[in-house]
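Engineer: Would you mind keeping the following structure in view while I ask a few things?
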Amino acid sequence: MSAERLGRIVEDAASEVFVFTADDFRFLLVNRGARENLGLSAEELAKLHPWDLKPDYNETQFRQFVQPLIDNELDKLQFETVHERKDGSVYNVDVSLQLITSGDKPMFYASIRDVTEQRKVLRDLEAATAQLDAILNNTTMAVFMMDEHQHCSFMNRAAEEMTGFTFEETRGRPLHDVIHHHHPDGTPFPIEDCPIDRAFPEDYQSQGEEVFIHKDGHFYNVGFTASPMKDALGKTIGTVIEARNIDDELEARKALNAFNEELRHRVDKAMAEREALEMQLVQAQKMEAIGQLTGGIAHDFNNLLQVIGGNLQLLHADPAIAGKNAERVGHAISGVERGAKLATQLLAFGRQQPLSPEPVNAGRIIRGMDDMFRRTLGELVEIETVVAAGLWNCLVDPRHLENVLLNLVINARDAMGGEGTLTVEAGNASLDDEYIQSNPDAQAGQYVVIAVTDDGCGIPESDLAKVFEPFFTTKETGKGTGLGLSMVFGFVKQSGGHIAIYSEVGEGTTVRIYLPRTRAEEPVGRRESETFVTKGNNEVVLVVEDDKEVRATVLEMLSTLGYQAVEAENADAALAIVNCGIAIDLLFTDVVMPGELKSTELARMAQKRLPNLAVLFTSGYTQNAIVHAGRLDDGVELISKPYTAERLSQKIRSVLAKAGASPAGEPAPEKSADERQEEAGTQRAKRILVVEDEVFIRMSLTELLEGFGHEIVEAGSLKGARQHFAESEFDMVITDLSLPDGNAGEFIRELTGASGDLAIVIATGGVLPDDIAAHGLPVLRKPFSDDEVREIVGRVA
């Protein structure tokens, strides 16, 4: 066989082959299998030694290990170790190492097998065996095994404890002869009659109950399963028996039979009660489904109303709209307000209206509304209010509670036909477990109960289950929307309370609302709403709204209110605007928007970038990220859609005042055309380097400066800016502070020391660091106007 062919055989061998010298231990040959497994090339291996591949050995240890081969004390070393690959991973190897002589130069020949998978299989087998031993010796089930002669070949610990025999006492004996040879009456029990022993010859699994004999002679009942054991070829080689003592179980069966008889009687009784509860549950689920539907409709309806109402208000403020047209616009605005009220009622029923609960004394609310009740009811209705002494405070939204009481009073008036007696009562109540059993939608606890009772026509029993459904009414067509009691129902449930209605035809109706008690004190004083417009002071508002029409309306509304508005159609676009450095006073964002970034996350990230940023959320649907359990999260400001210009102006001023915000940028004084022309004539053309990473800002600033007649060079990073500055001379540098490859502070310090004639302008919407502010450089505040750019370029020059 030629040397070349022998080399190919070694190169292609399945085993890994290593040949290294006996003097310097350098690798002379490593075949392809070894190289590929190690991830090393032949050139890389030529620089290594055996101990470089074996993390378990250092050089000294390896030399000592192979010394018996060098000293001819051994012909071969057979051992196991690990090899380390180039990527740091290791694998198990079985090594056969010999010292051979090629000419007069001895060398080591190593034949290596990767045994990683073999070791893994062995470890898995050992683990499985240990697990099986643990299971068999720790289970409470007695396990026996019999061989093909029906002799006992295994008993676990539970089997020894159950029978009283040790495995050594039963090994090799027919198990039937040891523990199953007689009936309890003393008659012999032949093995051929034993269903356990028939499992092997008849090759089927048998289950049942039998009586075993304990070593001490007493009988006990067992439940058993006997299954044939088969080898890999499917041949039956024995039987495995699982058994357990069922004496206690048989006693329990007797007791269970007696219990079942009693239970059957009770079940019949409970079924009747359950049917009644199921009807209540179905009704509750129906109300929940209707609530979800109405909430969704109200959300979309509010968006439409916002577009319509906002544009109508803008038209109403336009001096060109007068006469009949102004009157028509006013009627349309009134229609929008009625639509908004309808949407609010739908949200109330769906338990999706934003509530601001606070400790409230219901008695004070009732007494404060006495005059309103009397004006609403008319002279023919006698009203009586009864407030219990020591009335607890309840935790509710006081404004919505007033609306609820007014709705109940109006319903009572209509039920009485405008004539009768109405009673409004407030007292303390505790709902116990007995009440909860018959009213599963209620929660046990302490409540303030308000009852409104009339002596009107009453409601038929067939209609009582439907009175809280939206648009259901017992009134004549055209005399009711069917949303009054629905709104009351939604408010009470959203407030964590309970509502109940009692009525008899011809006698009257009582509606009781249970509001959760609070031990907190009622706050002193309540603010009254105002309806005048509060103008802005040129603050910058970032409007985030995915509905194009709503966004356009809001932008125009903000402009008329005296604000600078920047728009974004989703949270991701808004965050990009925040990160570009524009100074923003207020983030005005819709809550529900498409995209991966949520509005709450946008607000958090924006306030991290701009600590003094005020945030105002808006939504027509509050089943979302800022309302939980029907209540606004702490510190969250929300204005619900649709809103008027007056409400928006007041809310923005309130939010800005809480944030302590000041205008992001005051507009430069307006100059006359002659002044701007004169100013432009005195400015010579300059070579200006504009450093800004936001493409749109850089493009607009460059276009503006070129329009003023200047030569502009653009840079989007510090690296580009330094390169341009090194290659050319400039009269002025306008630079942002935050750039992709670092902060421009060091670059600005380099510029201030470069030339006394260089003008430097910092364009930023953020706060200047103290070390940069110390230079007294002019600042162009973002967002900036054309006049501000013209003025600062002329002034600095």
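Engineer: May I ask you to compute the full-extension gain from Val90 to His182, defined as 0.36 nm times their residue separation minus their alpha-carbon distance, rounded to one decimal in nm?
Structural biologist: Answer, rounded to one decimal: 26.8 nm.
Engineer: Lysine pairs in region 49-121 8 or more apart or on different chains: how many have alpha carbons under 26 angstrom apart? Working shown, then result.
Structural biologist: Details: Lys54/Lys76; Lys54/Lys86; Lys54/Lys105; Lys54/Lys120; Lys76/Lys105; Lys86/Lys120.
Pairs that pass both the separation and distance tests number 6.
Engineer: Work out the count of Lys pairs in region 540-659 where the Cα-Cα distance is under 20 Å, with the pair 8 or more places apart or on different chains. Mind dumping the intermediate values first?
Structural biologist: Numbers: Lys548/Lys598; Lys548/Lys641; Lys598/Lys608; Lys598/Lys641; Lys608/Lys658; Lys641/Lys651.
So the count of such lysine pairs works out to 6.
Engineer: Quote the FRET efficiency, to the nearest 0.05, computed for Val82 versus Val695 with a Förster distance R0 of 56 Å and r equal to the Cβ-Cβ distance. Write out the running numbers ahead of the final one.
Structural biologist: Working: r = 55 Å, r/R0 = 0.98.
Efficiency for this residue pair is about 0.55.
Engineer: Using Cα-Cα distances under 8 Å and only pairs 6 or more residues apart, what relative contact order does region 354-518 have, in percent? Kindly include the intermediate steps, with their values, before the conclusion.
Structural biologist: Details: 321 pairs, mean separation 41.0, N = 165.
Over region 354-518, the number comes to 25 percent.
Engineer: While we're here: What is the distance, in nm, between label points placed 7 Å from the Cα along the Cα-to-Cβ direction at Glu261 and at Arg157?
Structural biologist: 4.3
Engineer: Calculate, for Thr60 and Ala134, the FRET efficiency according to 1/(1 + (r/R0)^6) with r their C-beta to C-beta distance and R0 60 Å; round to the nearest 0.05.
Structural biologist: On the way: r = 43 Å, r/R0 = 0.72.
Efficiency at R0 = 60 Å is approximately 0.90.
Engineer: Let me ask something additional. Expressed in nm to one decimal, what extension gain is obtained for the pair Glu549 and Thr385 from 0.36 nm per residue of sequence separation less their Cα-Cα distance?
Structural biologist: Values: separation 164, 0.36 × 164 = 59.04 nm, distance 4.90 nm.
Contour length minus Cα-Cα distance gives 54.1 nm.
Engineer: Same structure, new question: So for the pair Gln723, Asn537, with labels modelled 7 Å out along Cα→Cβ, what separation do we get in nm?
Structural biologist: 4.6
Engineer: Return the FRET efficiency for the residue pair Gln446, Asn579: r is the Cβ-Cβ distance, R0 is 56 Å, and the value is rounded to the nearest 0.05.
Structural biologist: Details: r = 51 Å, r/R0 = 0.91.
With R0 = 56 Å, the Cβ-Cβ based efficiency is 0.65.
Engineer: Also: How high is the relative contact order of region 64-171, in percent, with contacts defined as C-alpha pairs under 8 Å that are six or more residues apart?
Structural biologist: Numbers: 132 pairs, mean separation 14.7, N = 108.
Averaging sequence separation for qualifying contacts and normalising by length gives 14 percent for region 64-171.
A short reminder: the numbers here are calculations on the coordinates, not readings from a lab. Fair warning: this is a prediction, and the values are worked out from it, not measured in the lab. Heads up, the Cβs are rebuilt from the backbone with ideal geometry, glycines too, and the neighbour counts pull from every protein chain shown.
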